[in-house]
Amino acid sequence: MASLAQKRRLDTTLGAPICTILNLLARILGAILRRDHSLARPPRRILVIKLVGLGSVVHSTLLLRALKAKYPEATLGFLCFRELRGLLGRIEDVDEILSLDDSSYWRLLRSVLGFIWGSWRRPFDLVIDLEVHSKFSTILSTLTCGRDRAGYYVITTRFRSGLYTHLVYYNRYRHVQEAYRQLGRALGVEAEVGQPLAPRLTEEERDFAEKLLEQWQVGNRHLLLVNVNAGDLCLERRWEPWKFARVMEVLAAREDVVVVMTGSPPEQAYTESVRQRVDESVRGRVVNSAGTMGFGQYLALLARSGALLTNDSGPLHLAASFGVSTVSLWGPGLPATYQPLVGNHRALCRDTYCSPCLYWVDELPCAGDNVCMQRISWQEVAAATAEVLGLSVTHPEADETTAQEAETKAEGYFVRRSVPPPQNG
């Protein structure tokens, strides 16, 4: 299947003319049918659309709970790409999971046609699109022919004005849960803002986690999980491997801390490459558990941990839903928009001209040279991680050389293929 950048270009290239045609048809039909969109009649079937973004789905749980409380008799469905099914199957308020297979263009087309046909056979009364810029989700929402369709508008989605019956401005500088609450209010639903609802766990999964703790001889020691990975949405969110290694060295050297690295099966090799950077004297005390357990087993382990050190990625939001303390590292993303709102959390980022960029461009201007992440020192991360664990650490003063070198770079410079990159320093 195509890369994320290719999907975005396809969304713009094909999505724009399709949305234009649908907009014209919707306005004509609207003038003819003159439907009542006051929401006076309670919906019997509700569909929420969020195709990608594990963290966004976690944060949406409070809106889902509010929808269920407002309309307890309604069936609440959720449409996503297939990689989110594992999480959605553990969210109590979701009655029906509808997923699209994006492993190939043919399978995607087939699953889209199946979804549309199913929506016509069993119509949705209310469709809520939580995507912000996606023309694809707009097309899907429109083609359901749902009586009421709600979503967000920004300058890139002005075309939605004729396709959605309820639109709310999406403020990128406010927390995503506030955006969900405002969309809920437009529909007469009041969602809370705070700690997301935790995914369900089975007793078998909890037992699995307890056995791992026994195997690692955690006992009364602090269990620190470390996630060095970031999703394909933006690999520039990854902090430098050698800095992760330095932090793990400091904490693994303590008798009262157990350090365990986590990740999915595809992330196992990269996770191990970071572990190999840990000094040999303590490397044996750092466990690489990436790819060794199922999703539910990982969630159970996460729920039993003392803290999570992570890049800006899905595990951060899962940890927060379980009330686990976190230290999160930010650069391309905006902490104010997605960081945990309740609990013992530290969000670390440095002021950089081109940060944040993730939400505004399809191709990041640094082309992988994530200066924003490079400016975060391993010493401040070690101190913050010890703090959330209730510990204190001693370490050398931060080396300013890297930060000084980073400051000489042309931040936000988008290098064209016809132009050589600027000379720094």
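Residues of segment 177-204 being free of Cβ contacts under 8 Å to residues at least 24 places away in the same chain and either on the phi > 0 side of the Ramachandran plot or touching a helix residue (DSSP H, G or I) at 6+ places or on another chain (Cβ under 9 Å) (or both), which ones? Steps first, answer last, please.
The first filter runs over segment 177-204 and keeps only residues free of Cβ contacts under 8 Å to residues at least 24 places away in the same chain, leaving 178, 182, 185, 203-204.
Of everything in segment 177-204, just one residue is free of Cβ contacts under 8 Å to residues at least 24 places away in the same chain and either on the phi > 0 side of the Ramachandran plot or touching a helix residue (DSSP H, G or I) at 6+ places or on another chain (Cβ under 9 Å) (or both), namely E204.
Taking only pairs six or more apart or across chains, which ones have beta-carbon atoms under 6 Å, a first residue in segment 287-309 that is assigned to a helix (DSSP H, G or I), and a second residue that is acidic (D, E)?
Pairs that qualify, where the first residue is assigned to a helix (DSSP H, G or I) and the partner is acidic (D, E), are G296/E205; Q297/E205; A300/E205.
Within segment 193-201, does at least one residue satisfy the condition of being among the small types (G, A, S), surrounded by 15 or more Cβ atoms within 10 Å (Cβ to Cβ) and assigned to a helix (DSSP H, G or I)?
Among the residues of segment 193-201, not one is among the small types (G, A, S), surrounded by 15 or more Cβ atoms within 10 Å (Cβ to Cβ) and assigned to a helix (DSSP H, G or I), which makes the answer no.
For segment 364-425, which helices (runs of 4 or more DSSP H) that fit wholly inside it have 1 or more residues that are at pLDDT below 65 and open to solvent by less than 60 Å² (accessible area, probe 1.4 Å)?
Passing ranges, in order: 401-407.
Out of the residues in segment 328-363 meeting the condition of being open to solvent by 30 Å² or more (accessible area, probe 1.4 Å) and of a type in the set (S, T, N, Q), tell me which one is farthest from R254 (Cα to Cα).
Here the residue is S355.
Report whether or not R254 is in contact (Cβ under 8 Å) with a residue 40 or more places away in the chain, over 30 Å from P42 (Cα atoms) and assigned to a loop (DSSP other than H, G, I, E, B).
yes
Restricting the search to segment 335-349, which residues are in contact (Cβ under 8 Å) with a residue 40 or more places away in the chain, more than 17 Å from the chain's Cα centre (by Cα) and in a loop (DSSP other than H, G, I, E, B)?
V342, G343, N344
What are the residue pairs meeting all of these: first residue in segment 80-107, first residue among the aromatic types (F, W, Y), second residue open to solvent by less than 80 Å² (accessible area, probe 1.4 Å) and outside any loop (DSSP other than H, G, I, E, B), Cβ atoms under 7 Å, and 6 or more apart or on different chains?
That search, which allows pairs on different chains as well, returns F81/S99; F81/L100.
Kindly state which helices (runs of 4 or more DSSP H) lie completely within segment 4-83 and contain at least 1 residues that are open to solvent by 90 Å² or more (accessible area, probe 1.4 Å).
4-33, 61-70
Could you please tell me which pairs satisfy a Cβ distance under 7 Å, a separation of 6+ or placement on different chains, a first residue in segment 227-243 that is within 18 Å of S264 (Cα to Cα) and open to solvent by 30 Å² or more (accessible area, probe 1.4 Å), and a second residue that is charged (D, E, K, R) and not in a helix (DSSP H, G or I)?
Taking only residues 6 or more apart or on different chains, the pairs are P241/R277.
Yes or no, residue by residue, for (1) within 21 Å of the chain's Cα centre (by Cα); (2) surrounded by fewer than 20 Cβ atoms within 10 Å (Cβ to Cβ):
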{"residue": "I128", "(1), (2)": "yes, no"}
{"residue": "V132", "(1), (2)": "yes, yes"}
{"residue": "L143", "(1), (2)": "no, yes"}
{"residue": "R158", "(1), (2)": "no, yes"}
{"residue": "S161", "(1), (2)": "no, yes"}
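Identify the single condition in (1) within 28 Å of R172 (Cβ to Cβ); (2) surrounded by 18 or more Cβ atoms within 10 Å (Cβ to Cβ) that Y153 does not satisfy, given that it satisfies every other one.
Condition (2) is where Y153 drops out.
The values are calculated or read from the model by the stated rules, or taken from the named source; none is laboratory data. These numbers were taken from a predicted model, which means no experiment stands behind them. Glycine gets a Cβ as well: all are built from the backbone with ideal geometry, and neighbour counts include every protein chain shown. All accessible areas refer to the heavy atoms of the entire protein, side chains included, with ligands and DNA or RNA removed. Shrake-Rupley method; radii C 1.70, N 1.55, O 1.52, S 1.80 Å.
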